[in-house]
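Chemist: This is the structure I want to talk about, given as structure tokens.
The values are calculated or read from the model by the stated rules, or taken from the named source; none is laboratory data. These numbers come from a predicted model, not from an experiment. Note that we place each Cβ from the backbone using ideal geometry, even for glycine, and neighbour counts take in every protein chain shown. Note: areas computed on protein heavy atoms with side chains; ligands, DNA, RNA excluded. Shrake-Rupley method; radii C 1.70, N 1.55, O 1.52, S 1.80 Å.
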Amino acid sequence: MQAVQSTHPHGHGKHIYRSLFVAVVAVLTLGLLSVNQALAAKREFNMTIEEVRIQVAPDLKYNVFAFDGQVPGPLIHVKQGDEVTVHVTNNTSLPHTIHWHGFYQTDNWRNDGVPGVTQPGPGIQPGDTYTYHWIAEKPGTMWYHCHVNVNEHAEIRGMWGPIVVDPKHPSELDKSVTKDVIMMLSSWESKFADKFGTGGKPTDVADYFSMNAKSFPLTQPIRVKKGDVLRIRFIGAGESLHAIHSHGHDMLVAYKDGLQLKDPYPVDTVLVYPGSHNDVIMHMNNSGRFIMHDHIDPHSTNNGKYPGGAITIIEYTDSNPKDDWYVWNGKKYDPDFFYSESMKKGYGLFDHDAFKGEPLTRRHHHRGR
Amino acid sequence: MQAVQSTHPHGHGKHIYRSLFVAVVAVLTLGLLSVNQALAAKREFNMTIEEVRIQVAPDLKYNVFAFDGQVPGPLIHVKQGDEVTVHVTNNTSLPHTIHWHGFYQTDNWRNDGVPGVTQPGPGIQPGDTYTYHWIAEKPGTMWYHCHVNVNEHAEIRGMWGPIVVDPKHPSELDKSVTKDVIMMLSSWESKFADKFGTGGKPTDVADYFSMNAKSFPLTQPIRVKKGDVLRIRFIGAGESLHAIHSHGHDMLVAYKDGLQLKDPYPVDTVLVYPGSHNDVIMHMNNSGRFIMHDHIDPHSTNNGKYPGGAITIIEYTDSNPKDDWYVWNGKKYDPDFFYSESMKKGYGLFDHDAFKGEPLTRRHHHRGR
Amino acid sequence: MQAVQSTHPHGHGKHIYRSLFVAVVAVLTLGLLSVNQALAAKREFNMTIEEVRIQVAPDLKYNVFAFDGQVPGPLIHVKQGDEVTVHVTNNTSLPHTIHWHGFYQTDNWRNDGVPGVTQPGPGIQPGDTYTYHWIAEKPGTMWYHCHVNVNEHAEIRGMWGPIVVDPKHPSELDKSVTKDVIMMLSSWESKFADKFGTGGKPTDVADYFSMNAKSFPLTQPIRVKKGDVLRIRFIGAGESLHAIHSHGHDMLVAYKDGLQLKDPYPVDTVLVYPGSHNDVIMHMNNSGRFIMHDHIDPHSTNNGKYPGGAITIIEYTDSNPKDDWYVWNGKKYDPDFFYSESMKKGYGLFDHDAFKGEPLTRRHHHRGR
């Protein structure tokens, strides 16, 4: 085959162009950086930690250390590059910290929230306010949780909440999403519901299971319209594994711990393990009413009574007939149970009243160890 | 570089050819669709649910609700696109349903088999017959199970069986398979063996583990000849996780919940979690005798006694010498234990006598809750 | 477009060149094979199994069957293709075998180490020496463990150690690594610490968790310098699952059971399950002090007391200030705790004194079943 070569100049003149080119690139880069810096907002939030009592299941109330008095904690929604400051006031009777799970904390490790490693132990003392400052370097689904006595505070006292960091450069998949769902999965040990400072030992057994701290039937439907593209942000917040099974739809495993996979793959059962924050994409193209639940069978019960635990139902608005035998007939709908409404509100910190606990009565204010 | 452009006609004549082309494609497409529809068989099956007693381990008999009186239930083998009708007659003393796990049920959600969500609760009453109708849209390894009180019926009463949907357009990998193996993994709580209506609470602990409802040594070998390409269809049917380890061979993780991965990858230990139905491909190129077992150590015991539980042995027919110390010396071979024979019989529903239970005596016919 | 075809000679002369070419290739291939064979070293090792008592946690000593008297066992480091001979002398009071986990044992299945399947049961009797011989066909992170009564010997008596097989043809990723870390994860049942022949039943519950057989604070830091490329070789050696979470860094999941993935993907939490031997790559570009721990909350405790269990801390040598509240202030550093020093020593078998147990006193020498 005929080979054709282009001719390039190889004289001194070339270096002049090269230098010019480098200069132009440098100026443009600096310019873009300044724009970026201008876009990187400074966001400042206040959170408290409260001792309250939440209703997990119809027959289970639980004493928790609750961020802003709610479980899960408030949504923090920021953009990649944002500089975030959070002032945390501990209104409980025990020390706590906040670890910002998934964040790199580049050159900023003292804000990582681990007592005895990145900040003095035992953590933020009762009555104290502590300030964390970090940059949202990594995009995607993140979360925060206490790092003091994690086997109690994080595992069974509800000390966790979601963070969503919108990417600077959203992918086509990011942009295709029409509805955001945040699902924090965890479990509870009913034996220790009333007494702070107890539970969470390796020999203690969880007997209640929840999505966003509620067990079925206190959970809420995922209500969609045909054509919706759902992004479910699964967060393994407790100590249990959860094998979430979607009826009628595949889930595209697309993001692992924030970052998009090169080749997403479809499944109908996804293993959500503690610490993971993996997202799936679901194309809502199958009108009807479909259950979605933890397939580890005891996890779809309340202490052994089925149905319960980590169950929700996907309801298509165009196909949800009023069958008198439907378990959620007449159910009062909370559109923000999976943070879908909060996610529409732009950037900020968003409380949700339905997650708030009730004040502790003297009867239920116990403390162990 | 020299640019070479071809010349295309841009006159009105072109549109005539274009229209003709479109018409021809349309006719061909319609023709293929009709052929497809002609190929999409209508298949009608009857199943019953029986109360019987199966032998799980040498020292464990178990009361089960058994599809066609056997555990696992009969194999349903159909082709993608087939229209399937199943009449289920409940001959037990408690209500049940059947969920067709992995199927989309497009515009057909009332056949999804979930009591109180897609059909009236509590399900198919004792003595009643109920008919499910669905189309096998998604290809691959699927399964069915009861969706009433799943923590008892599906978890410890054996209410599950396999479905294989052959793809309309098999891949090269599909076509390379010479031997099909279906392995349904589950666990048992010996304490509740005798009493229907009990067990499966989060605090109850499994102490027996099985492949296709048998614990070693009551399981069977996977007997292969050198050169075989094995497809193992793992189904997580119970509440336990299983880390299946293959000695002497890698397993190519190739299908997730029915669908082929773009880039299969080899492992020697695969995590089978509840609800998952993932297939691996194994090239049988290593003559000998190799154990294959659950690497979660207690799962390869019968109530703590090793060897037991979820263990099988791969036996090459060209290399399985009669060592007098071989644990399966003189073992009576059942070639259909992993459904390999049934899978050769074309489409239909296939019972297997060796999975059948014995009638319940009065002594063992208890009922709790 | 203009089609250009090159002209090839199609006469008889071509066949002569072809034959000559084939001959040359054959000679070169044989030559390379001989070189390879010359490079494939024969390596011969001796190991003993000893009954000793190791310190797992500050409040937990444990009776173990220890390879060379240590837990984990000595590192075996060889090159792909090497022929390995291991003479094992059983100085304990119970029978054992060694299974070489991950190795193919092509045409060599009798060296697979499974009692009753590949060698006579019940295994190597007390006082006996047994010789295993195998070729390191598969490259990557491997391990060895006893296959007798795995639910006791492997699960809670420490009968496991690491093997690293350097690939014949290292990848760019392989070559980029500057520091090797081997992390064997397992768990312990304190109730059975003193009595051989007990524990490991499905109903027994683990209450201590460890990296390389030590629970925090007896574990050691992973000490790195900025710019290091870390390869962590995770091995699921016990019966528990571990969700290892790295603070401040992503982990590139790059190797599954020895073999490199085509498309590694980053996570910050990786599920290590029993039997798995998966490696991650970490770019150490974030100076500071970062905890790395099992995110299954009770696993980061010692019998419920946090912090404990499967916790380590990544310490950058350029940024580890002497905060008086740092939990590991003044910690005596063992640079070989994660085998990083042994991995630098070339090929061989490497003991490590810090892993050795103490002789059993009469008081602690019990035997059950």
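Chemist: Would you kindly work out, in nm and rounded to one decimal, the distances from the label point of A:K305 to those of the same position in each other copy, ordered shortest first, with label points 7 Å along Cα-to-Cβ?
Modeler: 3.9, 3.9
Chemist: Averaged over C:230-240, how many beta carbons belonging to a partner chain fall within 10 Å of each residue's beta carbon?
Modeler: On the way: counts 0, 0, 0, 0, 0, 0, 5, 2, 2, 6, 3.
What the average comes to for C:230-240 is 2.
Chemist: Per residue of C:148-160, what is the mean number of Cβ atoms on other protein chains within 10 angstrom of that residue's Cβ?
Modeler: If you average over the peptide's residues, the count of other-chain Cβ atoms is 4.
Chemist: So how much accessible area does A:K305 have, in Å² to the nearest 10, using a 1.4 Å probe?
Modeler: That residue has around 150 Å² of solvent-accessible surface.
Chemist: About the Cα centre of region C:126-209, what is the dipole size in debye to 20, counting +1 per Lys and Arg Cβ and -1 per Asp and Glu Cβ, all else neutral?
Modeler: For region C:126-209, the charge dipole is close to 60 debye.
Chemist: State which entries of B:K195/C:K191; B:K168/B:K262; A:K256/B:K201 exceed 26 angstrom in Cα-Cα distance in the structure shown. Before the final figure, lay out the partial values.
Modeler: On the way: B:K195/C:K191 31 Å; B:K168/B:K262 18 Å; A:K256/B:K201 32 Å.
The answer is B:K195/C:K191; A:K256/B:K201.
Chemist: On to the next question. Just want to confirm a number: the relative contact order over chain C, from Cα pairs under 8 angstrom separated by 6+ residues, in percent.
Modeler: On the way: 875 pairs, mean separation 68.7, N = 369.
About 19 percent, as a whole number.
Chemist: Something else: Share of antiparallel DSSP beta bridges in the protein assembly as shown, in percent to the nearest 5?
Modeler: Working: 198 of 273 bridges.
That works out to approximately 75 percent antiparallel.
Chemist: In terms of the Cα gyration tensor, with a ≥ b ≥ c the square roots of its eigenvalues, is chain C rounded because a/c is under 1.5, prolate because a/b exceeds b/c, or oblate?
Modeler: Details: a/c = 2.43, a/b = 1.44, b/c = 1.69.
The shape class here is oblate.
Chemist: Next question. A:W325 versus B:R363, label points 7 Å from Cα toward the beta carbon: distance in nm?
Modeler: 3.9 nm
Chemist: Using Cα-only point scatterers and the Debye equation, what is log10 of I(q)/I(0) for region A:203-272 at each q in 0.21, 0.23 Å⁻¹, rounded to two decimals?
Modeler: -1.15, -1.30
Chemist: Two decimals, Cα atoms only, Kirkwood Rh: what is Rg/Rh over region B:176-235?
Modeler: Details: Rg = 15.8 Å, Rh = 13.8 Å.
Ratio of gyration radius to Kirkwood radius for region B:176-235: 1.14.
Chemist: Return the calculated 222 nm mean residue ellipticity for the protein assembly as shown, to the nearest 500 deg cm²/dmol, obtained by summing -39500 (n - 2.57) across DSSP H runs with n ≥ 4 and dividing by the residue count. Show your work: numbers first, answer last.
Modeler: Working: 9 runs with 108 residues, N = 1107.
Theoretical 222 nm ellipticity from helices: -3000 deg cm²/dmol.
Chemist: Using DSSP, restrict attention to beta bridges with both residues in chain A and report what percent are antiparallel, rounded to the nearest 5. It would help to have the intermediate numbers written out before the result.
Modeler: Details: 66 of 91 bridges.
Restricted to chain A, the bridges split so that about 75 percent are antiparallel.
Chemist: Which value, in square angstrom to the nearest 100, describes the accessible area buried between chains A and B on both sides, using a 1.4 angstrom probe? Numbers along the way, then the final one.
Modeler: On the way: alone 17430 and 17400 Å², together 31280 Å².
Between A and B, the summed buried area is about 3600 Å².
Chemist: Let me ask something else. Answer rounded, prolate or oblate for region B:48-126, using the Cα gyration tensor with square roots of eigenvalues a ≥ b ≥ c: rounded when a/c is under 1.5, else prolate when a/b is larger than b/c, else oblate. Present the calculation step by step, with values, prior to reporting the outcome.
Modeler: On the way: a/c = 2.49, a/b = 1.52, b/c = 1.64.
It is oblate, given that a/c is not under 1.5 and a/b is not larger than b/c.
Chemist: When you count, for each residue, the other Cβ atoms within 10 Å and take the mean per peptide, how do B:89-97, A:110-118 rank with the highest first? Don't skip to the answer; put the middle values down first.
Modeler: On the way: B:89-97: 20.3, A:110-118: 23.8.
Going from most to least packed, we get A:110-118, B:89-97.
Chemist: Okay, moving on. When a/c reaches 1.5 or more, the comparison of a/b and b/c decides; with that in mind, is the protein assembly as shown rounded, prolate or oblate per its Cα gyration tensor? Let's see the in-between values first.
Modeler: Details: a/c = 1.02, a/b = 1.01, b/c = 1.00.
The shape class here is rounded.
Chemist: Per residue, how much accessible surface does the protein assembly as shown expose to a 1.4 Å probe? Answer in Å², no decimals. Kindly include the intermediate steps, with their values, before the conclusion.
Modeler: Details: 41700 Å² over 1107 residues.
I get 38 Å² per residue for this part.
Chemist: Using the Cβ atoms and a cut-off under 9 Å, what net charge is assigned to the surroundings of B:W134, where Lys and Arg are +1 and Asp and Glu are -1?
Modeler: Numbers: positive: none; negative: B:E83, B:D112, B:E137.
After counting each charged neighbour, the total is -3.
Chemist: Which whole-number percentage describes the relative contact order of region C:90-159, with Cα contacts under 8 Å and a sequence gap of 6 or more? Could the numbers behind the result be given before it?
Modeler: Values: 107 pairs, mean separation 28.2, N = 70.
In percent, rounded to a whole number, it is 40.
Chemist: Among B:G199, B:G161, B:G127, whose mean-square fluctuation peaks in a Gaussian network model of chain B (Cα, cutoff 10 Å)?
Modeler: B:G127
Chemist: Taking the highest mean first, how do the peptides C:147-153, B:318-324, A:136-142, C:164-170 order by number of other beta carbon atoms within 10 angstrom per residue? Numbers along the way, then the final one.
Modeler: Details: C:147-153: 27.4, B:318-324: 11.4, A:136-142: 22.1, C:164-170: 16.6.
Highest to lowest by the protection proxy: C:147-153, A:136-142, C:164-170, B:318-324.
Chemist: May I ask you to derive the FRET efficiency for A:T106 and C:H133 from their Cβ-Cβ distance with R0 = 51 Å, giving the value to the nearest 0.05?
Modeler: Values: r = 50 Å, r/R0 = 0.98.
My answer for the efficiency is 0.55.
Chemist: Let me ask another. Report the per residue volume, in Å³, of the convex hull enclosing the C-alpha atoms of region C:166-294. Numbers along the way, then the final one.
Modeler: On the way: hull volume 15.9 nm³, N = 129.
Dividing the Cα hull volume of region C:166-294 by its residues yields 123 Å³.
Chemist: Run the numbers on region C:217-347 and let me know its relative contact order in percent, using alpha-carbon pairs under 8 Å that are six or more apart.
Modeler: RCO, region C:217-347: 31 percent.
Chemist: Work out which chymotrypsin sites (Phe, Trp or Tyr not before Pro) in chain C are exposed loop sites (DSSP not H, G, I, E or B, at most 12 other Cβ within 10 Å) and give the longest gap free of them. Walk me through the numbers on the way to the answer.
Modeler: On the way: sites that count: C:W325, C:Y333.
No qualifying site falls inside C:1-324, the longest such stretch.
Chemist: How many nanometers, to one decimal and shortest first, lie between the label point of B:H87 and those of its other copies, if labels sit 7 Å from Cα toward Cβ?
Modeler: 7.4, 7.4
Chemist: How about region A:44-88: which GluC sites (Glu not before Pro) there lie in a loop by DSSP and see at most 14 other Cβ atoms within 10 Å?
Modeler: none
Chemist: With 10 Å bins from zero, work out the P(r) of region B:141-208 over every alpha carbon pair and list the percent per bin.
Modeler: Using 10 Å bins, I get a P(r) of 17, 39, 21, 16, 7 for region B:141-208.
Chemist: Same structure, new question: Compute from the Cα atoms of region A:286-349 the Rg and the Dmax, the latter being the longest Cα-Cα distance, and quote both in angstrom.
Modeler: Taking only Cα atoms of region A:286-349, I get Rg and Dmax of 14.6, 41 Å.
Chemist: What does the convex hull of the Cα atoms come to per residue for region C:40-90, in Å³? All intermediate terms of the calculation are to be shown ahead of the outcome.
Modeler: Values: hull volume 3.2 nm³, N = 51.
That works out to 63 Å³ per residue.
Chemist: Next up: Could you tell me how far the Cα centroid of region B:296-314 sits from the Cα centroid of region C:181-250, in Å?
Modeler: 23 Å
Chemist: Can you give me the distance in nm between label points at B:T317 and B:E44, each placed 7 Å from the Cα along the Cα-to-Cβ direction?
Modeler: Rounded to a tenth, the inter-label distance reads 3.9 nm.
Chemist: Ignoring any ligand, DNA or RNA, what whole percent of the accessible area of region B:250-331 comes from carbon and sulfur when the probe is 1.4 angstrom?
Modeler: Values: 1160 of 2310 Å².
Ligands and nucleic acids excluded, carbon and sulfur reach 50 percent.
Chemist: Over the alpha-carbon set of region C:218-327, divide Rg by the Kirkwood Rh and report the Rg/Rh ratio to two decimals.
Modeler: Values: Rg = 14.4 Å, Rh = 14.7 Å.
Looking at region C:218-327, the ratio lands at 0.98.
Chemist: What gaps in nm, shortest first, separate C:G127 from its twins in the other copies when you place the label 7 Å past Cα toward the beta carbon?
Modeler: The answer, with the shortest distance listed first, is 7.1, 7.1 nm.
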